[in-house]
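> Have a look at this one before I ask anything.
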Amino acid sequence: MDVALVRDDLLQEQMALDTIVSDLSEEQWSLPTPSPRWSIADQIGHLTYFDESATVAITNPDKFSSLLHELLETQDANSAEDFSLAAYREMNAEELLSSWRQGRENLALASETLSNDDRVMWYGPSMGSKSFLTARLMEVWAHGQDIVDTLSIERTSTDRLRHIAQLGFITRKWAYINRGLTPNEEPIYVSLTSPSGEKWEFGSPEDSNSISGSALDFCLVVTQRRHMNDTELTFSGEAAVEWFSIAQAFAGPPSDGPKEST
């Protein structure tokens, strides 16, 4: 897939979330979300900080190295969150929404300069341009899920989920390494039904370990928005279950995601 197509899907995903939050009241912006200690405003502040960081990573790698060093100097995950959210917590809803929109525009312009072969520095290993923008799309969708869960509304799934599903599949090894574990090399076949009814496949159908079900459920687990047992996914083989017990498609310290509902 061409980087320009990923960029277009990122812009559409951002606009879809914008439509959800643009008419919220100040009180709704303050509602607590499933992410501990985070309000809806914090979710948007988080996206804004990393959209701006992504723009710098594309346009000024040396400056991004300094930003990365500053963030890594924080003592723990909570300190890092406070560092990245501090400025946005001083804004009211209108100011924050405007800042997010400006950050999205800046990233859109910067990403126009990317070719399919470019690599971009980030908070883990450097990433190919398509994976880099896919990661931004994944973040928008995942934090958007926190927001719609908070508001108790459902949103229409789209085939933009393919980007997230593919990212989830290729970050299997990363999920192990990020936890200091030896990656399980047993191949896994993934068969998903897309929102439009298409069949998406990753790996070989001949693999003895497999995961099958809806693309939505798969994406909810790899972004740690649902526990694997709270979905209708079907697992075959110990390697498949093991992977999904630690699946993490996003950069940052290892986290465990939500607990199984009772």
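The values are calculated or read from the model by the stated rules, or taken from the named source; none is laboratory data. Note that the structure is a prediction, hence the values are computed from the model and not measured. We place every Cβ from the backbone using ideal geometry, glycine too, and count neighbours over all the protein chains shown.
> Report the residue count in region 4-35 for those that are of a type outside the set (K, R) and within 16 Å of L161 (Cα to Cα).
Qualifying residue count for the region: 12.
> Please state which one of S66, S79, S98 is in a helix (DSSP H, G or I), at pLDDT 95 or above and exposed (fewer than 14 other Cβ atoms within 10 Å of the Cβ).
The unique qualifying residue is S98.
> Might you check whether a residue that is out of contact with any helix residue (DSSP H, G or I) (no Cβ under 8 Å at 6 or more places or on another chain) and either of a type in the set (D, E) or modelled with pLDDT of 95 or more (or both) occurs anywhere in region 47-60?
Yes; the residues of region 47-60 include at least one that is out of contact with any helix residue (DSSP H, G or I) (no Cβ under 8 Å at 6 or more places or on another chain) and either of a type in the set (D, E) or modelled with pLDDT of 95 or more (or both).
> To continue, here is another question. Which of the residues belonging to region 122-132 are more than 9 Å from A54 (Cα to Cα), touching a residue at least 12 places away in the same chain (Cβ under 8 Å) and crowded, with 16+ Cβ neighbours inside 10 Å?
Listed by number, the residues that qualify are Y123, S129, K130, S131.
> M1 fails exactly one of the following numbered conditions: (1) in a helix (DSSP H, G or I); (2) in contact (Cβ under 8 Å) with a residue 24 or more places away in the chain; (3) of a type outside the set (K, R). What is the number of that condition?
Result: M1 passes all but (1).
Let's see how each residue does on (1) in contact (Cβ under 8 Å) with a residue 12 or more places away in the chain; (2) over 20 Å from R104 (Cβ atoms):
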position: D23; (1), (2): no, no
position: E26; (1), (2): yes, yes
position: S30; (1), (2): no, yes
position: R37; (1), (2): yes, yes
position: H46; (1), (2): yes, no
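> Scan region 163-191 residue by residue and report those that are touching a helix residue (DSSP H, G or I) at 6+ places or on another chain (Cβ under 7 Å) and either within 15 Å of V221 (Cα to Cα) or acidic (D, E) (or both).
H163, I164, A165, L167, G168, R172, A175, E186, V190
> Still on this model: Taking E27 and the conditions (1) closer than 25 Å to D118 by Cβ; (2) modelled with pLDDT of 95 or more; (3) not aliphatic (A, V, I, L, M), which numbered condition does it fall short on, given that it satisfies the others?
(1)
> So in region 22-63, with the set limited to residues that are polar (S, T, N, Q) and part of a loop (DSSP other than H, G, I, E, B), which one is nearest to I153 (Cα to Cα)?
The selected residue is T33.
> Just to be sure before I move on: is A108 crowded, with 19+ Cβ neighbours inside 10 Å, over 17 Å from the mean Cα position of the chain (by Cα) and modelled with pLDDT of 95 or more in the structure I sent?
Criteria not met by A108.
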